[in-house]
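Here is the structure we will look at, set down as structure tokens.
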Amino acid sequence: MIRDDAAGDAAAVRIVNEEAFGSPLEAAIVDAAGTKRLRDAGAPFVIVLGHPEYYPRFGFEPAARHGVRCQWPDVPDNAFMLLVLDPEREASLAGTARYRSEFDAAV
């Protein structure tokens, strides 16, 4: 949770076919199935824990630039990214992003 009154979404994209990684198909999945749907649903932001050279192509940037940090201290800042979907609510972004407990085992 970022502040008590700001809620966003975390992206979890898994490409099973290795040949699709980095392809236009994968880009379409991330954009259409993910960020577009979240934006249309009114989500103010989305966070992702992912490859720092991959996700910036979709507009993600280090979450620390927005004052947002990851709950897990060993996660590198450049791998914990945020995409603002609603610029009018960007000012509410600050604090520690907390994932559901199911994610703890994966990190």
I'm checking my understanding of the structure. Among residues of the stretch 35-67 that are at pLDDT 90 or above and in a helix (DSSP H, G or I), which one is nearest to residue 83 (Cα to Cα)?
63
Qualifying residue in the stretch 2-10 (condition: at pLDDT 80 or above, outside any loop (DSSP other than H, G, I, E, B), of a type in the set (A, V, I, L, M, F, W, C) and crowded, with 17+ Cβ neighbours inside 10 Å)
no
Given (1) surrounded by fewer than 18 Cβ atoms within 10 Å (Cβ to Cβ); (2) over 24 Å from residue 102 (Cβ atoms); (3) at pLDDT 80 or above, number of the condition residue 75 does not satisfy
(2)
Of all residues in the stretch 56-69 being of a type in the set (A, V, I, L, M, F, W, C) and out of contact with any helix residue (DSSP H, G or I) (no Cβ under 7 Å at 6 or more places or on another chain), which is surrounded by the most Cβ atoms within 10 Å (Cβ to Cβ)?
63
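The values are calculated or read from the model by the stated rules, or taken from the named source; none is laboratory data. Values in this document were obtained by computation on a predicted structure and should not be read as measured data. Here Cβ is always computed from backbone atoms with ideal geometry, including for glycine, and neighbour counts include all displayed protein chains.
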